[in-house]
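Data first, discussion second: the structure below is written as structure tokens.
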Amino acid sequence: MIGKQDWIVQFFIQPIPIGKYRCIDLFFGHYLFFSRRKDYTMYWELAGQVCPHLDEHNLNIVKHVRIGGKQATGNRGNYFPNAIELTIKHKFNTPDYSIDITLNRIVPLQKLTKLVIEYCEFTFEQIVHLISFTPNLHTLKICLLSINKRTMQSFEESEIFRNVSTTNKIKNFEITDRCTYEQIQMLVHLFPQMEHFQLAIKRKEIRWILRYLLSSNNNHTRHLFFLSISSLPKVCLREVNMLIRIEGLLDQFFIKYVNRVLYLWW
């Protein structure tokens with residue numbers, strides 16, 4: 001069903017109306033969308049297909065670009081000069097050049113303020129490399145932290161990690177995959193400007209992780225004031241409440257549990 005507020009991807013269906021600010025193209029069963037809400041979805045399979053309704057004005061008003069498909073092409077398709085949000089729906093393979101070069105041909109990476117990487121298997125090193133080209137990024141969401149414990153320490157000591165940790169402006173970070181205590185330490189070191197942190201952890205590690213994140217001696221979390229922790233049983237609401245009060249981790253705080261997600265802000 002197509003909602004009233006936005007267009008969604010449809011496969012092998014009957015004609016959809018084309019309006020003044022919408023563009024739909026069909027190629028190998030894929031539709032290419034330009035929506036009334038200034039969102040645009042493209043597939044690499046259609047990268048060389050230029051939609052006739054996407055004139056220069058329509059390209060300029062697009063603010064959010066979604067990219068799907070698993071094989072990037074070398075063809076130059078549409079370029080969206082004023083896009084500030086980018087969603088990557090699949091991992092894609094580039095022909096002869098890096099991810100940043102490929103994406104910079106579609107959107108201006110320096111202007112991006114929000115980046116969402118869904119259902120991808122990019123390595124964390126690749127993601128950090130991409131972040132180094134997005135100096136104005138303030139919101140980042142990833143689904144998987146693909147880095148093992150053996151390489152984590154060496155990566156933290158790398159030049160690109162140090163550079164990104166001192167220059168990035170990311171304030172809102174979300175990861176849907178479960179993180180370990182060591183991985184959270186690395187993320188906090190990488191994003192010292194972080195204010196909102198949405199994550200998933202194992203119940204057995206929650207005490208260690210909260211002690212680390214809420215420690216007054218932790219200079220890397222001095223801007224942090226909101227946590228959203230998913231995949232926790234309801235009993236954690238009482239356990240976290242008691243932990244904070246008994247150990248004096250926070251003077252004043254609010255805590256809530258909704259649909260297996262624990263919210264904590266102070």
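Show log10 I(q)/I(0) for region 128-231 at q = 0.11, 0.21, 0.23 Å⁻¹, two decimals, from a solvent-free Debye sum over equal Cα scatterers.
-0.31, -1.24, -1.50
What ranking do 194-207, 146-159 get when scored by the average of other Cβ atoms within 10 Å per residue, highest first?
194-207, 146-159
Listing 63, 169, 89 from the residue with the fewest other Cβ atoms within 10 Å to the one with the most, what is the order?
Working: 63 15, 169 12, 89 18.
The order, fewest Cβ neighbours first, is 169, 63, 89.
The numbers here are math on the coordinates, done by the rules we state, and not lab data. Keep in mind that this is a model prediction, so the values were computed, not measured. Positions of Cβ are backbone-derived with ideal geometry, glycine not excepted, and every protein chain shown enters the neighbour counts.
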